[in-house]
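K.L.:
My structure is below; once you've seen it, I'll send some questions.
The values are calculated or read from the model by the stated rules, or taken from the named source; none is laboratory data. Quantities reported herein were computed from a predicted structural model and do not represent experimental measurements. Glycine gets a Cβ as well: all are built from the backbone with ideal geometry, and neighbour counts include every protein chain shown.
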Amino acid sequence: MLKEIRHRWLIHTLVILLMAFVISVLVIQSSLNSSAEDRIKELTHDLGKGMLVVPQGTDLESFYSMKYGPEVMPDDYGDRIKQSPVGRHAGKIQPWLYGNINVQGNDLIIVGRTVNNPRYGYTDSQSITIGKGAASVLGLKKGDALDIRGNSFRIARVLDPPPKGYDMAIFMPLGAAQNILDKPGKINALNMGGCWCKLDVAGFAGEVENTLPGTMAITVDGMAKAQTQINAIMQQYSTLLWITGTVLVVGSIVFLIFYMLHKGEREIGLLLSIGFTPGKIIFKNITIAVLSSIIGALLGHILSVPFMSWFGKTFMRIGLIPSWDYLPHFVSASLVIALLASAFPSWFVTRLDPTRLLREE
Amino acid sequence: MLELKNVARDFINNKKEQVAALTDINLKVEKGEFLSIVGPSGSGKSTLLFIIGALLNPSEGEVLLNGKNMYDTTPSYRAGLRLREIGFVFQTFNLIPYLSALDNVSVPAMLTIKSRKKANERASELLQRFGLGARLEHNFSELSVGERQRVALCRSVINNPDIILADEPTGNLDPAMTREVMSLFKELNSSGHTVIIVTHEEEVAAYAQKVLHLQNGKFTNGTNNR
């Protein structure tokens, strides 16, 4: 049987790839709602009630995972917003510059902020505040000096406990961060707070983006809307998607079986003539179909990981991963479909007149 | 050993007309006999062979093997007959193209002895006996026409069947190879196998002890005993 599959590897590969593609689409459709909802909840928790303005092209998933890309925007964008008509809706505007840095072999995060938050305790350009984890790995305490890329700082405070996720962070004035990260006059985030209960938040975000060219304005409301829209589209096309998917899977299995039977008619006649029972031949064909379908279903699940990640980043600006809970369902369904789709053609051909199958042309 | 009583077989042709392929066939073949059935193309030779070989139900009549009508049995019983009691050889060999000579021969043995190793050993012995010891791992495309037919012969006898049925076994062979293959059939017959060959070539039929002529689905001249 394996030699037969190897002999007809091309057609088996094509069928498996088609099935894998269909299954991956169905897996994405099935997992999208729950996965997107969970991820959006996490992100909106991070985002809070404010609006985050970031440079266009920022990978939000990486951003919230504290892996910062090269995207930046001018640090006067905060002032520009204040002076614009939309500024009256923004109560608090905070320009931030985040970056990744290696200090003495330790991967740390630089957070540059203009806000003079008493919690952080830095009051001049030479003082910094660091998270407990960063202090520990660097062996530092309050009052110690730290040299970062040729800039000397004094530790004004060790944050214990640090803000969530900032254990390995070094907080410093924006100018110092720009200098260390070699991004003078640049920021990569603008946090805006305000009461927008009576505003069309999506419209407001659009006005912010118009005022600050090359930016994306992210709000809880916007993310929720994106998810709702995607869910609605998925809901709308769900039935069509499932019917098309099922037809494609059934079609590919039936095609595979008919192809095998058509190409191997004489072989079937021969197997009958040397003592194979019709049952054995049917079993052989069904086994091949089932094997192909299981491989297709597994491959489809694996393929759905990059597909879904791409889908989430492209349409929802978040990273999504498919749910593996569906794997047994899809494998079982593929197996049943393969059984049903291959049984009849396999049975049918064994009922054909063997004299026709074996007769010389 | 093998007896056909009033066997007939009809077909429905493309025009939905009933066509008689065989009519009122009566035949007795004793164990160890070598029988040729000669006739032109379309005379019903292959149909008769497939009926004898438990592959094709007759429309009428009985086919008795050791006194038992093989068509009163289940399909799996008849599959068992084809596996153990009857070996087939075809004009175009019907070897499985992606299998080696050894694998082609050992396939029927794997069904009976359920051991790939033992089946391969038996197939290897047979192939060596038939002069193909150096061709065990060669695929269909790497074998000469004569070698292909010898592989097919080995496959037909691997389960040591009582009856060997051959459908135009020399149809694709040149005269030298025809002689070589027919001498192998003679050898198999000498070692106790009953051999039934259908052919349109009188010279090939002449290797048999008994020759029957088939025309339009009927025996025309009874038997020619040699």
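K.L.:
Quick one: would you say A:Leu339 is within 14 Å of chain B (Cβ to nearest Cβ), part of a helix (DSSP H, G or I) and more than 19 Å from A:Ser24 (Cβ to Cβ)?
P.N.:
Spelling it out, it is not the case that A:Leu339 is within 14 Å of chain B (Cβ to nearest Cβ), part of a helix (DSSP H, G or I) and more than 19 Å from A:Ser24 (Cβ to Cβ).
Table: residues versus (1) basic (Lys, Arg); (2) within 23 Å of A:Glu4 (Cα to Cα).
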residue	(1), (2)
B:Lys68	yes, no
B:Tyr71	no, no
B:Ser76	no, no
B:Gly80	no, no
B:Glu85	no, no
B:Ile96	no, yes
B:Val107	no, yes
B:Ala119	no, yes
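K.L.:
Cβ-Cβ below 7 Å, separation at least six or inter-chain, first residue in segment B:80-94 and at pLDDT 90 or above and outside any strand (DSSP E or B), second acidic (Asp, Glu) and surrounded by fewer than 24 Cβ atoms within 10 Å (Cβ to Cβ): which pairs?
P.N.:
Correct list of pairs: B:Glu85/B:Asp162.
K.L.:
Sticking with this structure for a sec: With respect to B:Thr112, is the statement that it is touching a Leu at 6+ places or on another chain (Cβ under 8 Å), touching a residue at least 40 places away in the same chain (Cβ under 8 Å) and either at the interface with chain A (Cβ under 8 Å from one of its Cβ atoms) or in a helix (DSSP H, G or I) (or both) true?
P.N.:
When the stated conditions are applied, B:Thr112 passes them.
K.L.:
Looking only at residues that are over 26 Å from B:Val63 (Cβ atoms) and facing another protein chain (nearest Cβ under 10 Å) in segment B:83-103, which one is nearest to the chain's Cα centre (by Cα)?
P.N.:
B:Leu95
K.L.:
Now for a separate question. Across segment A:255-306, what is the total count of residues that are in contact with a Pro (Cβ under 9 Å, 6 or more places away or on another chain), buried (at least 18 other Cβ atoms within 10 Å of the Cβ) and more than 14 Å from chain B (Cβ to nearest Cβ)?
P.N.:
5
K.L.:
Turning to a different aspect of this structure: Suppose we filter A:Ile40, A:Ile81, A:Ile5 for residues that are modelled with pLDDT under 75, part of a helix (DSSP H, G or I), surrounded by 15 or more Cβ atoms within 10 Å (Cβ to Cβ) and over 16 Å from the mean Cα position of the chain (by Cα); which single one remains?
P.N.:
Step by step, each of A:Ile40, A:Ile81, A:Ile5 is checked, and only A:Ile5 is modelled with pLDDT under 75, part of a helix (DSSP H, G or I), surrounded by 15 or more Cβ atoms within 10 Å (Cβ to Cβ) and over 16 Å from the mean Cα position of the chain (by Cα).
K.L.:
Considering only residues of segment B:17-64 that are among the small types (Gly, Ala, Ser) and more than 14 Å from every other protein chain (Cβ to nearest Cβ), which is farthest from B:Ile86 (Cα to Cα)?
P.N.:
B:Ala20
K.L.:
In the set B:Leu27, B:Leu48, which member is within 16 Å of B:Val195 (Cβ to Cβ), in contact (Cβ under 8 Å) with a residue 40 or more places away in the chain and buried (at least 23 other Cβ atoms within 10 Å of the Cβ)?
P.N.:
The match here is B:Leu48.
K.L.:
Among (1) touching a strand residue (DSSP E or B) at 6+ places or on another chain (Cβ under 7 Å); (2) small (Gly, Ala, Ser); (3) away from chain A (no Cβ under 14 Å), there is one condition B:Gly67 misses while meeting the rest; what is its number?
P.N.:
(1)
K.L.:
It is to be established whether one or more residues within segment A:280-303 are polar (S, T, N, Q), outside any helix (DSSP H, G or I) and assigned by TED's automatic domain parsing to the domain that holds A:Ser30.
P.N.:
Looking for residues that are polar (S, T, N, Q), outside any helix (DSSP H, G or I) and assigned by TED's automatic domain parsing to the domain that holds A:Ser30, one finds none in segment A:280-303, hence no.
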